[in-house]
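The values are calculated or read from the model by the stated rules, or taken from the named source; none is laboratory data. From a predicted model like this one, the values you see are computed outputs, not experimental measurements. Cβ placement follows ideal geometry from the backbone for every residue including glycine, while neighbour counts extend to all protein chains displayed.
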Amino acid sequence: MIATRLRTARRAALVAAVATLAVFGAPAAAQASTIYPPSGACTTSPATAEPGSTIAFECAAGTFSGNESVTVTITGENGAAATIGMVRFAITTASEVVSSGADGSLPRVGITMPANATGTYNIAAISSTSAGGTAAVSITGADGLPVTGLDSSSMLGLWIGGGALIAAGAALGIAAIVRRRRDSD
């Protein structure tokens, strides 16, 4: 009898706790702020570049608060070799802190692409008060075609390995045929 009352009291306390959380927690969750970067707030100029060239990255007025610290990050193949301003980094994602303008814009930031750049590089700018914005730059060769990073000389090992496997398969096939002929004679 006492055990039954104790279980009933525990259940009632649990229901009261859940109801309290629902009453006070739901409005707080509804008020939660999610910051999304504005579409097209930041741009790269030019949008396609050759390996080793310098591009300009900037964000429109109102993207950030005035005169605040903004972190600019570049991510891509060998992003470690990218230079933002005059600083060189030895990691695959390079970043630097710069200041926004009085109007909340991010003035032009020069980014020098790695000499062996390939593919697409994503550049993002964020601050403590704003989600900022992103832009991308695609790497092209001198002929204007995208540089994808495939080097035909790196395929030499694959060709040698594939050739060795074909030769081994042919040798095993011939050995099997010779064996069958011997067994049937």
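List of remarks:
- Residue in the range 144-158 that is modelled with pLDDT of 80 or more and either surrounded by fewer than 10 Cβ atoms within 10 Å (Cβ to Cβ) or of a type outside the set (D, E, K, R) (or both) present: no
- Listed by first and then second residue, the pairs with beta-carbon distance under 8 Å, at least 6 apart or on different chains, first residue in the range 63-76 and more than 18 Å from Ile111 (Cβ to Cβ), second charged (D, E, K, R) and not in a strand (DSSP E or B), are Gly66/Asp103.
- Counted residues, the range 72-111 - those being modelled with pLDDT of 85 or more and either aromatic (Phe, Trp, Tyr) or farther than 25 Å from Pro51 by Cβ (or both): 9
- Here Ala30 fulfils each of the conditions (1) more than 30 Å from Ala115 (Cβ to Cβ); (2) modelled with pLDDT of 70 or more apart from (2).
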